Amino acid sequence: MPGIEPLQPSRKSTLAPAAGSSPTALRLVLGAQLRRMRGEAGITSDSAAARIRCSTAKISRMETGHSPCKERDAADLLKLYGVTDPDRTAEFVDLVRRAGERGWWRYYADVLPDWFEPLVGLEEAAASIRTYESHYIPGLLQTADYAHAVVRSGHHLEPEETTRRRVELRLRRQQLLRRQDAPKLWVLLDEAVLMRPTGGARVMREQLIHLLAMTELPHVIVQVAPFEVTARTSPGNGITYLRFAMAGLPDVAYIEHLTNATSVNKQESTDEYRWILDSLSAQSPSPVESRSLLIQALERYT
């Protein structure tokens, strides 16, 4: 059974990760480093907040990667934390600058919910992505027509142009699977997804043909979780679990709800979600057997 690839071995200690990293991922790294340095210096969040004239809540948001950090604030905090090496300070401030850059997905800000934006940014930096879906084929593997049907099902009153923009964003996200350094994508698909003719028979048929083609890529794995498996083990909501090769960046579990999502990166929480995915995978047919199930589902729509 395939598994999540281990994180790369630790690299030489450095404040700043690779230059090509996603701004979203960089903010998480930045926050973790700020939290670690504050702890090592024995500085309270109240004292840190007083130094840069902000609230302790903002310090917390900065340290969890949910709020940006200004370059001047970063320099002041490093001085407070006892970091006096000018090269290390300059390296860290450069990290702050890159973490504040706009990712390509900001072009779709008009159709990209605030709660969904972090996932798009983290996908760009992930070394491996695991996902469980109970309602639809995952967005990273959807065809344009299938994506259109999914979007309209949840936004049937919006203008067609808005729907077109949502679909365009979804297809743009898929480009990461064609990169030379594409992440490993491991999908657990509830059997119900194959039974649901989203968009009609023609759309579903084309979607399954595309899905089968994607499983031929060496970095894409699809398993079908049968009803008898999900009846025993099911998270209820969709889960996306991301792992990164970037030093200093913890695993992230992203849990979808009806109109929002929650992301967690504390190990005690991510371990629980990873256990759920491991359990579903262990109980489900292998990728080879699942491919046969996909072919059987395709025949249903032919």
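Within a 10 angstrom radius of the beta carbon, how do 252, 83 rank from fewest other beta carbons to most?
In order of increasing Cβ crowding within 10 Å: 83, 252.
Show me 44-53, 190-199 ranked by packing, highest mean number of other Cβ atoms within 10 Å first.
Top to bottom by mean Cβ count within 10 Å: 190-199, 44-53.
So which residue, out of 139, 31, 236, gets the largest mean-square fluctuation from a GNM of the chain using Cα contacts under 10 Å as springs?
So, out of 139, 31, 236, the one fluctuating most is 236.
Between the range 96-118 and the range 228-302, how many Å separate their Cα centres?
25
Sort the following peptides by mean Cβ neighbour count (other Cβ atoms within 10 Å, averaged over residues), highest first: 127-134, 202-209.
So the peptides 127-134, 202-209, ranked by packing, come out 127-134, 202-209.
Output ³J(HN,Hα) for the range 43-53: one whole-Hz value per residue in order, computed from phi by the Karplus curve 6.51 cos²θ - 1.76 cosθ + 1.60 with θ = phi - 60°, and x for Gly and Pro.
Once rounded to whole Hz, the list reads 9, 7, 5, 5, 5, 5, 5, 5, 5, 10, 6.
Quickly work out the residue 115-to-residue 192 label distance, labels modelled 7 Å from Cα along the C-beta direction, and quote it in nm with one decimal.
Spacing of the two 7 Å Cα→Cβ label points: 1.9 nm.
How about residue 79: which aspartates and glutamates have a C-alpha closer than 17 Å to its C-alpha, ignoring those fewer than 8 places off in the same chain?
40, 46, 63, 71, 87, 91, 94
What do you get when you divide the Cα radius of gyration of the chain by 2.2 N^0.38 Å, with N the number of residues?
1.10
Residue separation times 0.36 nm, minus the C-alpha to C-alpha distance between residue 160 and residue 209: what's the value?
15.0 nm
Which percent, to the nearest 5, of DSSP beta bridges fully inside the range 113-300 are antiparallel?
If we restrict to bridges inside the range 113-300, about 50 percent are antiparallel.
How tilted is helix 267-283 with respect to the longest principal axis of the chain? Cα atoms for both, answer in degrees (0 to 90, nearest 10).
Value to nearest ten degrees: 20.
Would you mind calculating the relative contact order of the chain from Cα pairs under 8 angstrom and at least 6 residues apart, reporting the percent as a whole number?
Answer for the chain is 20 percent.
Explain nothing, just the number: relative contact order of the range 23-99, from Cα pairs under 8 Å at least 6 residues apart, as a whole percent.
About 41 percent, as a whole number.
Near the amide H of residue 128, under 5 Å away, which other amide H atoms are found, from residues 5 or more places off or on another chain, if H is placed in the peptide plane?
184, 243
For the residue pair residue 50 and residue 87, what label-to-label distance in nm results when each label sits 7 Å from Cα along the Cα-to-beta-carbon direction?
Placing both labels 7 Å beyond Cα along the Cβ direction yields 3.4 nm.
Suppose each label sits 7 Å from its Cα in the direction of the beta carbon; what would the residue 237-residue 71 distance come out to in nanometres?
According to this spin-label approximation, the distance is 3.8 nm.
Give me the net charge for the shell around residue 35: Cβ to Cβ below 13 angstrom, other residues only, Lys and Arg +1, Asp and Glu -1.
+3
List every residue whose amide H lies under 5 Å from the amide H of residue 246, counting only residues 5 or more places away in sequence or on a different chain, with H placed 1.01 Å from N in the peptide plane.
Amide H to amide H, under 5 Å and 5 or more residues apart or across chains, residue 246 pairs with nothing.
What 222 nm value per residue comes from the helices of the chain, counting each DSSP H run with n ≥ 4 as -39,500 (n - 2.57) and dividing by all residues, nearest 500 deg cm²/dmol?
Counting only the DSSP helices, I get -14500 deg cm²/dmol.
Each reported figure results from applying straightforward, stated rules to the coordinates on display, with no laboratory input. Just so it is clear, the structure is predicted and the values come from calculations on it, not from any experiment. Here the Cβ is made from the backbone with ideal geometry for all residues, glycine too, and neighbour counts use every protein chain on show.
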